[in-house]
Amino acid sequence: MKTLQDLEHEHEIVKHALTISENICERLEGGETLNKDDMSELLEFLTVFVDRCHHSKEEAHLFPAIESEAKPMIAQMLYEHETGREFVRQIKQAFEAYKSGSMDALPTLIGNLRGYIKLLREHIDKEDHVLYRVAEKLLSQEQDEQMFIAFETIERERIGAGKHEAFHQMIHRLEAAYVS
Ligand SMILES: [Fe+2]
Ligand SMILES: [Fe+2]
């Protein structure tokens, strides 16, 4: 199904971002200085690509389409999206404090980024192996077609034309810098 393939493909890019994040944590724990530009870009990816685009596609379209058959699972997925948002809020707050010179901010930033990495890895795993497989059985071809059009609208309105590709390039650049 086109919609599930699209979401699974986005999961792959998100997993690359999580590996980059993990490497950033390790370097900071090893005493390296935080590269503020790279951190800003990573946070933009987590906010715009992961939350505003990917989670919106799931929350506005996929989840409602299968909710009657998968209610408890979807409630759990929504809770995890919300927990992810809270981690990102904490990371942003710690990053702002770090930029203002706070010495305590770095451990808070690392702790929340590590929490986010663990949450998202497990979340993606559940969606790839359980929720999307349930969706595959429940969705009709027609629903898949309609939802795919709605996904394109989300990309256009919430990310902007051409920005999706720019995010891919950003992740490739950060990967080259942080993941050996
Ligand atoms: Fe999700
Ligand atoms: Fe997802």
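The values are calculated or read from the model by the stated rules, or taken from the named source; none is laboratory data. Bear in mind that the values here come from a model prediction, so they are computed numbers and not experimental data. Note that we place each Cβ from the backbone using ideal geometry, even for glycine, and neighbour counts take in every protein chain shown. Calculation scope for accessible area: heavy atoms of the full protein, side chains included, ligands and nucleic acids excluded. Shrake-Rupley method; radii C 1.70, N 1.55, O 1.52, S 1.80 Å.
Quick notes
- Just so you know, the Rg over Rh for the range 62-129 is 1.16, from Cα atoms, with Rh as the Kirkwood radius.
- The accessible area of Glu175, taken with all protein chains in place and a 1.4 Å probe, comes to roughly 40 Å².
- Residue-level accessible surface for His55, protein heavy atoms, 1.4 Å, Å²: 10
- Calculated FRET value between Gln5 and Cys25, using beta carbons and R₀ = 25 Å, to 0.05: 0.20
- Ranking Ser100, Ser140 from most to least accessible surface, computed with a 1.4 Å probe over the protein chains only, gives Ser100, Ser140.
- Val130, Val50, Val179, ranked by accessible area, largest first (probe 1.4 Å): Val130, Val179, Val50
- Cα long-axis angle, helix 105-126 against the chain (0 to 90 degrees, to the nearest 10): 20
- Reference-scaled alpha-carbon Rg (2.2 N^0.38 Å with N residues) for the chain: 1.08
- Restraint check, Lys92/Lys126; Lys92/Lys163; Lys15/Lys118, Cα-Cα greater than 19 Å: Lys92/Lys126; Lys92/Lys163
- Accessible area of the range 2-178 belonging to carbon and sulfur atoms, whole % at 1.4 Å probe: 51
- HN-Hα J in Hz across the range 170-180 - Karplus 6.51, -1.76, 1.60, θ = phi - 60°, x for Gly and Pro: 4, 5, 4, 5, 5, 5, 5, 7, 10, 10, 8
- For the chain, the solvent-accessible area of protein heavy atoms averages 51 Å² per residue (probe radius 1.4 Å; ligands and nucleic acids excluded).
- Within the assembled protein chains, the solvent-accessible surface assigned to Arg52 is about 110 Å², based on a 1.4 Å probe.
- Most to least accessible of Met147, Met73 (protein chains only, probe 1.4 Å): Met73, Met147
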